[in-house]
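The values are calculated or read from the model by the stated rules, or taken from the named source; none is laboratory data. Just so it is clear, the structure is predicted and the values come from calculations on it, not from any experiment. Counting neighbours? That spans all protein chains shown, and the Cβs are built from the backbone with ideal geometry, glycine included.
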Amino acid sequence: MSFFAQYSLLAPLSATVPELGWRGLALDFAVLFGLTVAAILIVLAAVGGFFEVMNARHPERRIQKHRVNRRKWQELAHAPGSVAIIALCFSGGLFAQAQGWTIAPLALSWWTGPLMLGLSVVLYDAWFYWVHRLLHWKPFYRFHALHHKSVAPTVWTNHHETLVEGFLNQAFYLLIPFILPIPWQLLVLQKLYDQVSGMLGHAGFEHFASPAGRTPFPFASTVFHDQHHGYFKYNYGHTFSWWDRMMGTLHPRYDATLESFEPKKPDSSATVEPGSKPDQT
Ligand SMILES: [Zn+2]
Ligand SMILES: [Zn+2]
């Protein structure tokens, strides 16, 4: 069945009918691929613009104080290939599911939604950690060396990668519909989250420091991936820090560094002397 015939919102975008056979399939896939590329480019421009403004307004939030990446616009030269491979893998998985070539997805409901999305995010984090460890292994490092040319990453570094690295990371989205009965809407949501969080992780400035990013909580932060670029052999994870904590690859000063970016609590002892009464004005 045609993908766009199945999802009425998108139906006007395709004149495909089942009798068109493989040509119809190819047309459907091309439209889906094109829509994915367009969505990624919109996110890229919006998130990139947001961080350019935020970073200019808050120079004190720069993570690597003495390093400035002067090649940030050059890094965008690799974005077309990276975006294409991301879109190819993502639309490939979605398309396979829509054709019924994968396991049947569950109907979207109040419990399947959070459960499937949560599972998929946890699985992707594990995938990313181990693929990343593999890319740091000597025989594979040549595919990852380009990404590490950015010792001080910027929001544009997210797509500074080789096609092989992009494919190894994004193959998750090709495979997951064959393993998890996840509704397509949640895959779209997860991909959107990945695009935004991938750029956030490379922003180079910590704007959202919070205790949720450090012990005992499992979430990562911008400092987390920034330290991966700055120190090279720590912090391989994506959304969570738990794989790094378990495998002993967390940077020893990660928690303390993140904490140093958190807004300072007002010092109550400065206004009220111990044992004194507060002003009665
Ligand atoms: Zn790396
Ligand atoms: Zn990176």
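Some points to look at:
- Applying the set (1) touching a helix residue (DSSP H, G or I) at 6+ places or on another chain (Cβ under 6 Å); (2) assigned to a helix (DSSP H, G or I); (3) at pLDDT 95 or above; (4) within 16 Å of ligand 2 (Cβ to nearest atom) to S91 leaves exactly one unmet item: (4).
- Taking the range 129-178 as the range and being away from ligand 1 (no atom under 12 Å from the Cβ), farther than 24 Å from F33 by Cβ and of a type in the set (A, V, I, L, M) as the test, the residues that pass are A152, V155.
- Test for L168: is it farther than 26 Å from E262 by Cβ, in contact with a Cys (Cβ under 9 Å, 6 or more places away or on another chain), more than 12 Å from ligand 2 (Cβ to nearest atom) and of a type in the set (A, V, I, L, M, F, W, C): no
- For the range 152-187, residues that are outside any helix (DSSP H, G or I), touching a Ser or Thr at 6+ places or on another chain (Cβ under 8 Å) and either of a type in the set (A, V, I, L, M, F, W, C) or crowded, with 21+ Cβ neighbours inside 10 Å (or both) total 4.
- The lone criterion from (1) in contact (Cβ under 8 Å) with a residue 24 or more places away in the chain; (2) within 22 Å of the chain's Cα centre (by Cα); (3) more than 18 Å from N158 (Cβ to Cβ) left unmet by L135 is number (3).
- Each residue in the range 229-243 was checked for being surrounded by fewer than 23 Cβ atoms within 10 Å (Cβ to Cβ), within 16 Å of ligand 1 (Cβ to nearest atom) and not in a loop (DSSP other than H, G, I, E, B), and 3 pass.
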